[in-house]
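> Before I ask anything, here is the structure I am working with.
The values are calculated or read from the model by the stated rules, or taken from the named source; none is laboratory data. For clarity, every value in this text was computed on a predicted model and none was experimentally measured. Please note: Cβ atoms are built from the backbone with ideal geometry, for glycine as well, and neighbour counts cover all protein chains shown. Each accessible area value is taken on the protein alone, full model and side chains, heavy atoms only, with ligands, DNA and RNA left out. Shrake-Rupley method; radii C 1.70, N 1.55, O 1.52, S 1.80 Å.
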Amino acid sequence: MLLRKVEKFMAAHEMPATKFGRLAAQDPRFVLDLRMGRTPRPATEARINRWMADYNASLNASPEPGTFGAIETKELSHAV
């Protein structure tokens, strides 16, 4: 069920329901409506699942904190 996946995603990313709705569905009430029994169309459900997968993939591809690509931030501060 989509709501269960969304709830797990929000908990894992410490993301409020309205932020998730805005980012994933362009609807801040999306999660609240799901909680009230809204059943999204199959295309909408597929889009939300794809958005969550892409979001997770982008986090996994991000450089480590304190780096900018291959250049560390402390190197940048010396260049100024």
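> Which residue pairs have Cβ atoms under 7 Å apart, sit 6 or more places apart or on different chains, and have a first residue in segment 12-40 that is within 18 Å of L59 (Cα to Cα) and a second that is β-branched (V, I, T) and in a helix (DSSP H, G or I)?
Once the first residue is within 18 Å of L59 (Cα to Cα) and sits in segment 12-40, its partners that are β-branched (V, I, T) and in a helix (DSSP H, G or I) give F20/V6; F20/V31; A24/I48.
> Select from segment 4-21 the residues that are part of a helix (DSSP H, G or I) and either surrounded by 15 or more Cβ atoms within 10 Å (Cβ to Cβ) or on the phi > 0 side of the Ramachandran plot (or both) and list them in ascending order.
Of everything in segment 4-21, those that are part of a helix (DSSP H, G or I) and either surrounded by 15 or more Cβ atoms within 10 Å (Cβ to Cβ) or on the phi > 0 side of the Ramachandran plot (or both) turn out to be V6, E7, F9, M10, A17, F20, G21.
> Additional query: Do the conditions hold for L32, that is, is it of a type in the set (A, V, I, L, M) and modelled with pLDDT under 95?
Here the answer is no, as L32 does not meet what is asked.
> Also, quick follow-up: Please go through segment 36-53 and give me each residue that is over 20 Å from the mean Cα position of the chain (by Cα) and among the small types (G, A, S), ordered by number.
G37
> If you don't mind, there's one more thing I want to ask. Do you know which of the residues in segment 54-69 that are at pLDDT below 80 and either open to solvent by less than 60 Å² (accessible area, probe 1.4 Å) or of a type in the set (S, T, N, Q) (or both) is nearest to A12 (Cα to Cα)?
Selected residue: S62.
> Identify, by number, the condition in (1) modelled with pLDDT under 95; (2) surrounded by 14 or more Cβ atoms within 10 Å (Cβ to Cβ); (3) hydroxyl-bearing (S, T, Y) that T44 doesn't meet.
It is condition (1) that T44 fails.
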